[in-house]
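Peer 1: So that we are looking at the same thing, I have put the structure below in structure tokens.
The values are calculated or read from the model by the stated rules, or taken from the named source; none is laboratory data. Computed from a prediction, not measured in an experiment: that's the story for all the values here. FYI the Cβ positions are ideal-geometry reconstructions off the backbone, even for glycines, and counts take in every protein chain you see. Surface accessibility is based on the protein's heavy atoms, side chains included, excluding ligands, DNA and RNA. Shrake-Rupley method; radii C 1.70, N 1.55, O 1.52, S 1.80 Å.
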Amino acid sequence: MKIQNIYARQVLDSRGNPTIEVDVFTKSSIGSAAVPSGASTGKHEAYELRDKKKAFHGKGVLKAIENVNGKLAKKLKGMEIDEQRDIDDAMVKLDKTDNKKRLGANAILGVSMACTRAGANSYNLHLHEYLGALYGNKEFVLPVPFANIINGGVHAGNELKFQEFMIAPVKAKSFSEAVQIVSEVYHELKKLLEETYGKQATSVGDEGGFAPPINTPEEALDLIEAALEESGHKRKVRIAIDAAASEFYDKKTNFYEVGNGKHYTASELVEYYASLVNKYRIISIEDPFHEDDFESFAALRGKVAGKAQVVGDDLTVTSVERIKHAIKMGSCNVLLLKVNQIGTITEAMEAAYLAQTNDWSVMVSHRSGETEDPFIADLAVAINAGQIKLGAPARGERTSKYNQLLRIEESLGKKVKYAKF
Ligand code: PGA
Ligand code: ZN
């Protein structure tokens, strides 16, 4: 089944900024997909092409759209829709740069994602089945959702330095039970915030988690522990942090400021994280140090071994090269997988495979700027990631992923499994 046409349009993401939606047509099928966008973007990520003109405060994506409708469409027309690797290779070669700067990673990713949907539709398969076939996997496992219920950092208007405080129902029996737990804890927390700080404290950040007027990691963690206690689900749930530390690292002084008035060197920060892991039910810490500090990641990984996992996001940026270095250094044991950090589905799968074959886990992740497209839900199941970061169980761009996972769970019937942690 050959690609007949490719067409891109400008639509809005969840922050109200423009992004790309792509349609790919074969004789018998259509596939559409929309591209997400980060705010605490790693400096080693693939290049997001923006117009930098007056419209949309410079954030228009018309140039990227022109690249899809022009150069990319011309190159890919006539290619077989199920030859995903060839399609992605052709786009990478046409771009010629190592960070997809010429055509834009957003342009290339939109086409790559939409091709997999058109491919799935042409075979009458669910997207997770088709992506699973591309990955060589048929044994599907529903991932543990990591639900971001308190937002800070660049995602919120409060003073919290750590970007994300998440809950993970690791001991739920099924994905649907996990969703119920996450929703109930989210609402317990809302009640608690309203009682403690007043109604204003229940406004939310970019990923749908609450953005209360608090300053320190301990305040956020105490609130979550209290909400867990109230909910009755405490035994089934653990806590995860994404510090997104590049955002509160001072390059000039080499210090980190976590919101408690103290300044930490990297080695002091290792001790601080370890003390949080000992005090709270934390099982996962993402980006604990700035995006080039492979050594401190490794120090923390050693320090909290057996208690908490260390997740690479800005450090590894879904790039095989950087993941190889992190493996060599022993920096992490979980890869955060964001498709727009690298720009094609083939390369994202290569990154996942490298991680999984080196005893790392994979946590598939949304971005803070999302769309209604639930693509990553199917991807997480297809590659047996076991973990997925979806934001709060609220706001349409977040619930679209939870809800797609509920549909996939239902479609798997008796074969369904929930990830072990
Ligand atoms: P971003 O945040 O999408 O703004 O980069 C998500 C993350 O850091 O994991
Ligand atoms: Zn992150």
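Peer 1: Which residues, taken from segment 257-268, are over 16 Å from A299 (Cα atoms) and outside any loop (DSSP other than H, G, I, E, B)?
Peer 2: E257, H263
Peer 1: Cβ contacts < 9 Å: first residue outside any strand (DSSP E or B), restricted to segment 139-159; second residue within 15 Å of ligand 2 (Cβ to nearest atom) and of a type in the set (S, T, Y), any location; separation 6+ or different chain. Result?
Peer 2: Listed pairs, sorted by first residue: G153/S40; V154/S40; V154/S368; H155/S40; H155/S368.
Peer 1: Assigned to a loop (DSSP other than H, G, I, E, B), of a type in the set (D, E, K, R) and touching a helix residue (DSSP H, G or I) at 6+ places or on another chain (Cβ under 8 Å) - does that describe any residue in segment 314-333?
Peer 2: Of segment 314-333, the ones assigned to a loop (DSSP other than H, G, I, E, B) are 314-319, 330-333.
Now narrow it down to the ones that are of a type in the set (D, E, K, R): 314.
In the following step, the residues that additionally are touching a helix residue (DSSP H, G or I) at 6+ places or on another chain (Cβ under 8 Å) were identified as 314.
Taking every residue of segment 314-333 in turn, at least one turns out to be assigned to a loop (DSSP other than H, G, I, E, B), of a type in the set (D, E, K, R) and touching a helix residue (DSSP H, G or I) at 6+ places or on another chain (Cβ under 8 Å).
Peer 1: When the residues of segment 138-159 are filtered to those that are buried (at least 19 other Cβ atoms within 10 Å of the Cβ) and not hydrophobic (A, V, I, L, M, F, W, C), which remaining residue is farthest from M349 (Cα to Cα)?
Peer 2: If we take residues in segment 138-159 being buried (at least 19 other Cβ atoms within 10 Å of the Cβ) and not hydrophobic (A, V, I, L, M, F, W, C), then N158 is farthest from M349 (Cα to Cα).
Peer 1: Report, by residue number, each residue of segment 213-248 that is of a type outside the set (G, A, S), assigned to a helix (DSSP H, G or I) and closer than 21 Å to G38 by Cβ.
Peer 2: Listed by number, the residues that qualify are E247, F248.
Peer 1: Condition check: surrounded by 23 or more Cβ atoms within 10 Å (Cβ to Cβ) and more than 19 Å from Y186 (Cα to Cα). Does I388 satisfy that?
Peer 2: No; evaluated as a whole, the condition is false for this residue.
Peer 1: Identify all residues within segment 381-421 that are within 16 Å of ligand 2 (Cβ to nearest atom) and either outside the structural domain of G306 (by TED's automatic domain parsing) or of a type in the set (A, V, I, L, M) (or both); write none if there are none.
Peer 2: A385, I388, L390, A392
Peer 1: Output the number of residues of segment 347-369 satisfying the condition of being open to solvent by 10 Å² or more (accessible area, probe 1.4 Å) and either assigned to a helix (DSSP H, G or I) or within 16 Å of ligand 1 (Cβ to nearest atom) (or both).
Peer 2: Of the residues in segment 347-369, 7 are open to solvent by 10 Å² or more (accessible area, probe 1.4 Å) and either assigned to a helix (DSSP H, G or I) or within 16 Å of ligand 1 (Cβ to nearest atom) (or both).
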